[in-house]
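*Asks:* Okay, handing you the structure first.
The values are calculated or read from the model by the stated rules, or taken from the named source; none is laboratory data. Predicted, not measured: the structure shown is a model, and the values here were computed from it. Virtual Cβ from ideal backbone geometry, glycine too; neighbours counted across all protein chains shown. Areas reflect the complete protein model, heavy atoms only, side chains present, ligands, DNA and RNA absent. Shrake-Rupley method; radii C 1.70, N 1.55, O 1.52, S 1.80 Å.
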Amino acid sequence: MPFTANRQFKAHPRLLKGAQGMYYTAADGHRILDGTAGLWCVNAGHARPEIIAAITRQASQLDYAPSFQISHEDSFRAASRVAALMPDGLDRIFFTNSGSESVDTALKIALAYHRARGEGQRTRLIGRERGYHGVGFGGISVGGISPNRKTFSGVLLPTDHLQHTHAPEHNAFSRGQPAWGAHLADELERIVALHDASTIAAVIVEPMAGSTGVLVPPVGYLERLREITSKYGILLIFDEVITAFGRLGAATASGRLGVTPDLITMAKGISNAAIPAGAVAVQRGIYDAILGASKSGIEFFHGYTYSAHPMATAAILAALDIYEHDGLFERADSLSKLFEDAAHSLRGRPHVIDVRNIGLVAGIELAPREGAPGARAAEVFTKCFDRGVLVRYTGDTLAFSPPLIIEESQIHELFNTVSEVLTEIA
């Protein structure tokens, strides 16, 4: 099982057999309030009939179409719909099947772009400590979570890493973007001086780092990264696999935070997780440069058997219809203050040493048990599951990212359950 302590799971398995709206149903029949949108991905809630109907209809009409030298109309319809939600200029879409594939695709596009411009020596990639960019070799190369990297360290791409932005001594219990830390982006100047800008292809960061424990960017930090990368001709990639499609109360974190990168990776909410799907949004000038470098034939030697799979594009179109018709991005924004207050109500509860939040995302950091890091958060996760609430944990941080359809009463239920459990554990 992926990212699972398999021995412990087999001793005490947690099995799901159904899902509807805001709830999972466990194998023993008890309902579980989904406080994590599955894995940050079921933004419109579970088992939406519109998406089920679209997938079913597509399966009976065109179950599969190759994407090499052939395509189907919905792939272009879906690309146009996704592009319309992206920041101005990022209107070229490449479809993938996951966030990991989106990241590896974006990195390859960056390398191809510089080669097309006659700067093929730009091969170095810059990630960030504690960053998560999936599990492809490109993604773990630029990623900065050490357990994900250590087994594969001898085969990773040439990379360097910015300092992470986690600074509880300055920013504990910040609401939204913390005030301290914009200067941490200046670490990129040191890295550029070390390697020379002419060797660096791209910088990739999550605008809000999710899987490492909800790290919200300091005010001015992303703006400074944009300034430095632009100065040196380095591409800036935002990994929005988690943050795109409403999670921060807007179509993208880029739009919510007012900083436009050169490429955006996405997945998860793009299809409401009903069918595996992902994409990369690319600035038009990058696309034009790559195509313009080749007189004929294939311009970009990359792709997947299931790129723009017909059932994936059907799910994407249906999900985007729901987001628009139900106003879910706006709904997430309208609920964000209530969600913030509910998360910060855990300040002062046993073991809580920090609360971080933005949009419909929150991280509750717990003091680790001596000699057993992660054990306390794991116990909270287990006890909450047994009581009918699903939270996520990473290290000693509890992460919350519910479907955007969550009701006010369910927000209170989510955090009240966690509060009760915190008073019961050692």
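*Asks:* Are there any pairs with C-beta distances below 7 angstrom linking a residue in the range 212-238 that is farther than 24 Å from residue 198 by Cβ to a residue that is of a type in the set (Phe, Trp, Tyr) and open to solvent by 10 Å² or more (accessible area, probe 1.4 Å), with the two at least 6 apart or on different chains, and if so which?
*Replies:* 212/132; 218/180
*Asks:* Which is aliphatic (A, V, I, L, M), at pLDDT 95 or above and in contact with a helix residue (DSSP H, G or I) (Cβ under 6 Å, 6 or more places away or on another chain), of 215, 184, 235, 194? Spell out how you get there, then give the answer.
*Replies:* Values: 215 fails: in contact with a helix residue (DSSP H, G or I) (Cβ under 6 Å, 6 or more places away or on another chain); 184 fails: in contact with a helix residue (DSSP H, G or I) (Cβ under 6 Å, 6 or more places away or on another chain); 194 fails: in contact with a helix residue (DSSP H, G or I) (Cβ under 6 Å, 6 or more places away or on another chain).
One residue alone meets the criteria, 235.
*Asks:* Now a separate question. Which of the residues spanning the range 319-344 are of a type in the set (Gly, Ala, Ser), open to solvent by 10 Å² or more (accessible area, probe 1.4 Å) and either at pLDDT below 95 or over 27 Å from residue 418 (Cβ atoms) (or both)?
*Replies:* 327
*Asks:* Select from the range 397-416 the residues that are open to solvent by 20 Å² or more (accessible area, probe 1.4 Å) and either in contact with a strand residue (DSSP E or B) (Cβ under 8 Å, 6 or more places away or on another chain) or at pLDDT below 95 (or both) and list them in ascending order. Outline the logic, then answer.
*Replies:* Of all residues in the range 397-416, those open to solvent by 20 Å² or more (accessible area, probe 1.4 Å) come to 405, 407-410, 412-413, 416.
Hits for the range 397-416 are 405, 410, 413.
*Asks:* Let me ask you something else. Suppose we filter the range 347-369 for residues that are open to solvent by 70 Å² or more (accessible area, probe 1.4 Å), more than 18 Å from residue 167 (Cβ to Cβ) and part of a strand (DSSP E or B); how many remain?
*Replies:* So the count comes out to 0.
*Asks:* Any residue in the range 291-301 that is outside any loop (DSSP other than H, G, I, E, B) and in contact (Cβ under 8 Å) with a residue 12 or more places away in the chain? Walk me through it before giving the result.
*Replies:* Within the range 291-301, the first condition is being outside any loop (DSSP other than H, G, I, E, B), and the residues that meet it are 291-292.
Filter once more, keeping what is in contact (Cβ under 8 Å) with a residue 12 or more places away in the chain: 292.
The answer is yes; a qualifying residue exists.
*Asks:* I want to confirm something. Restricting to the range 370-380 and keeping residues that are within 25 Å of residue 174 (Cβ to Cβ) and in contact (Cβ under 8 Å) with a residue 24 or more places away in the chain, which single residue is most open to solvent (accessible area, probe 1.4 Å)? Talk me through it step by step, then tell me what you get.
*Replies:* First, pick out the residues of the range 370-380 that are within 25 Å of residue 174 (Cβ to Cβ): 373-374, 376-377, 380.
Of the ones still in play, those that are also in contact (Cβ under 8 Å) with a residue 24 or more places away in the chain are 376, 380.
Values: 376: 25, 380: 0 Å².
Top of the filtered list is 376.
*Asks:* Name the residues in the range 234-270 that are among the hydroxyl-bearing types (Ser, Thr, Tyr) and open to solvent by less than 20 Å² (accessible area, probe 1.4 Å), would you?
*Replies:* If the condition is that a residue be among the hydroxyl-bearing types (Ser, Thr, Tyr) and open to solvent by less than 20 Å² (accessible area, probe 1.4 Å), then 243, 252, 254, 265 are the ones that fit.
*Asks:* If I filter the range 120-132 for residues that are of a type outside the set (Val, Ile, Thr), open to solvent by 20 Å² or more (accessible area, probe 1.4 Å), at negative phi and in a helix (DSSP H, G or I), do I get at least one hit?
*Replies:* Scanning the range 120-132 turns up no residue that is of a type outside the set (Val, Ile, Thr), open to solvent by 20 Å² or more (accessible area, probe 1.4 Å), at negative phi and in a helix (DSSP H, G or I).
*Asks:* Right, here's the next one. Looking at the range 183-208, I want the residues that are assigned to a helix (DSSP H, G or I) and have a partner that is open to solvent by 10 Å² or more (accessible area, probe 1.4 Å) and modelled with pLDDT under 95 with Cβ atoms under 7 Å, at least 6 apart or on another chain. Which pairs are those?
*Replies:* none
*Asks:* What are the residues in the range 271-318 that are over 18 Å from residue 241 (Cβ atoms) and in contact with a Gly (Cβ under 8 Å, 6 or more places away or on another chain), if any?
*Replies:* 283, 284, 285
*Asks:* Taking interchain pairs and intrachain pairs at least six residues apart, which have beta carbon atoms under 9 angstrom, with the first residue in the range 151-164 and polar (S, T, N, Q) and part of a loop (DSSP other than H, G, I, E, B) and the second surrounded by 11 or more Cβ atoms within 10 Å (Cβ to Cβ) and at pLDDT 85 or above?
*Replies:* Note: pairs meeting the criteria are 163/128; 163/129; 163/184; 163/187.
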